[in-house]
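All remarks here apply to the structure that follows.
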Amino acid sequence: MAWFLNHYTCDRCARRWSDEWSCTCDDDCPHCGARHMCPDTSEELTTVIQAEGTDFVVLWSPETAEHDPDYRELGRFKTFQQASEFIAIS
Ligand SMILES: [Zn+2]
């Protein structure tokens, strides 16, 4: 299972919102309640780099994640560059 940040635009009221899901699934409009809106775009957040103090931590959402990403720490690096290289090879 992956983790996604989905961006939606409501067909009925044209307002926008974002939500995190374990899939690129439909969501209900939080403004007018219109059902089953499809995401316009989805960003995959399965592997993320998070700045923590002076370190950059690589986090990964395991297959078992369902209701929240349940991030596990894969590595801790001194620079963003090192962290993204680590993701690229793993
Ligand atoms: Zn709406």
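The values are calculated or read from the model by the stated rules, or taken from the named source; none is laboratory data. Quick caveat: nothing in here was measured; it's all calculated off a predicted structure. Positions of Cβ are generated from backbone atoms using ideal geometry, with glycine treated the same way; all protein chains shown enter the neighbour counts. All accessible areas refer to the heavy atoms of the entire protein, side chains included, with ligands and DNA or RNA removed. Shrake-Rupley method; radii C 1.70, N 1.55, O 1.52, S 1.80 Å.
Taking every residue in segment 21-38 that is free of Cβ contacts under 8 Å to residues at least 12 places away in the same chain and pairing it with any residue that is near the ligand (Cβ under 8 Å from one of its atoms), at least 6 positions away or on another chain, the pairs with Cβ-Cβ distances below 9 Å are Asp28/Ala34; Asp28/Met37; Gly33/Arg12; Arg35/Cys29.
None of Arg76, Arg35 is within 16 Å of the ligand (Cβ to nearest atom), at pLDDT 95 or above and among the basic types (Lys, Arg) except Arg35. Of the residues that make up segment 14-26, is at least one at positive phi, among the hydrophobic types (A, V, I, L, M, F, W, C) and within 16 Å of the ligand (Cβ to nearest atom)? Yes, segment 14-26 contains a residue that is at positive phi, among the hydrophobic types (A, V, I, L, M, F, W, C) and within 16 Å of the ligand (Cβ to nearest atom). Of the residues making up segment 50-69, those that are part of a strand (DSSP E or B) and either open to solvent by less than 50 Å² (accessible area, probe 1.4 Å) or small (Gly, Ala, Ser) (or both) are Ala51, Asp55, Val57, Val58, Leu59.
Are any of the residues in segment 28-41 open to solvent by less than 40 Å² (accessible area, probe 1.4 Å) and within 15 Å of Pro69 (Cβ to Cβ)? No: zero hits.
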